[in-house]
Amino acid sequence: MKLCMLKTGPSLSATIARLTLALVFIPHGLQVTLGLFGGYGFSGTMGFFTTQAGLPWLVAFLVIMAESVGAVALALGFMTRFCALSLIVVMLGAIFTAHLPHGFFMNWFGNQQGEGFEYHLLVIGLALSLVVSGGGCWSVDRALSRGGGEAGCCNR
């Protein structure tokens, strides 16, 4: 029995979108979980989200999971649609809780107090394409939806 959530075609463009999104979010996940790349680690990030940002504990935890476990799952192409949708929710939350007042543009030159939301829109667009298409070639989703068959692009 094929699961609709996992079903994906042999799209190379979906694979590129999936791997690009994973490549961008894995470092974020390492920041919020392990404190790498100048991040605060799990405890520090939870503290920031729950005290400074005022998020409920569960929401803060789910954001960290989406950016860390979800990014690794995206890299593998496992539950691609769910992980991409999770990142869309995280980005919408970031826009409406922190970035909307700073306008559209990123703060490239340090002229404004915060960052705009253009990056978040790019993530949403990339993730939305994965919600529609699935994980593409070389994904766990493709292997599972084909009944354990090949996950590559050559098998149709």
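The values are calculated or read from the model by the stated rules, or taken from the named source; none is laboratory data. Remember, predicted model here, so these are calculated numbers, not experimental data. Please note: Cβ atoms are built from the backbone with ideal geometry, for glycine as well, and neighbour counts cover all protein chains shown. Calculation scope for accessible area: heavy atoms of the full protein, side chains included, ligands and nucleic acids excluded. Shrake-Rupley method; radii C 1.70, N 1.55, O 1.52, S 1.80 Å.
Sparse packing (at most 10 other Cβ atoms within 10 Å of the Cβ) combined with a DSSP loop state is found for the following trypsin sites (Lys or Arg not before Pro) in region 1-110: Lys2. Within region 37-120, the chymotrypsin sites (Phe, Trp or Tyr not before Pro) that combine a DSSP coil assignment with at most 16 other C-beta atoms in a 10 angstrom radius are Tyr40, Phe104, Phe105, Trp108, Phe109.
Computed across region 43-104, the Kirkwood radius stands at 12.3 Å (inverse of mean 1/r, all Cα pairs).
Accessible surface for Val132 stands near 110 Å², nearest 10, in the context of the full protein assembly shown (1.4 Å probe). Altogether, the Stokes-Einstein calculation at 10 °C and 1.306 mPa s, with the Kirkwood radius of region 3-73 over Cα pairs as Rh, returns a diffusion coefficient of 120 µm²/s. Our summary of shape: the Cα atoms of the chain have principal axis extents of 51, 30, 25 Å, ordered from largest down, in whole angstrom.
On a 0 to 90 degree scale, rounded to 10, what angle separates helix 118-133 from the longest Cα axis of the chain? Taking the Cα atoms of the chain, the angle to 118-133 is about 20 degrees. Only helices enter this figure: runs of n ≥ 4 DSSP H residues, each worth -39500 (n - 2.57), summed and divided by the residues of the chain, yield -17000 deg cm²/dmol at 222 nm to the nearest 500.
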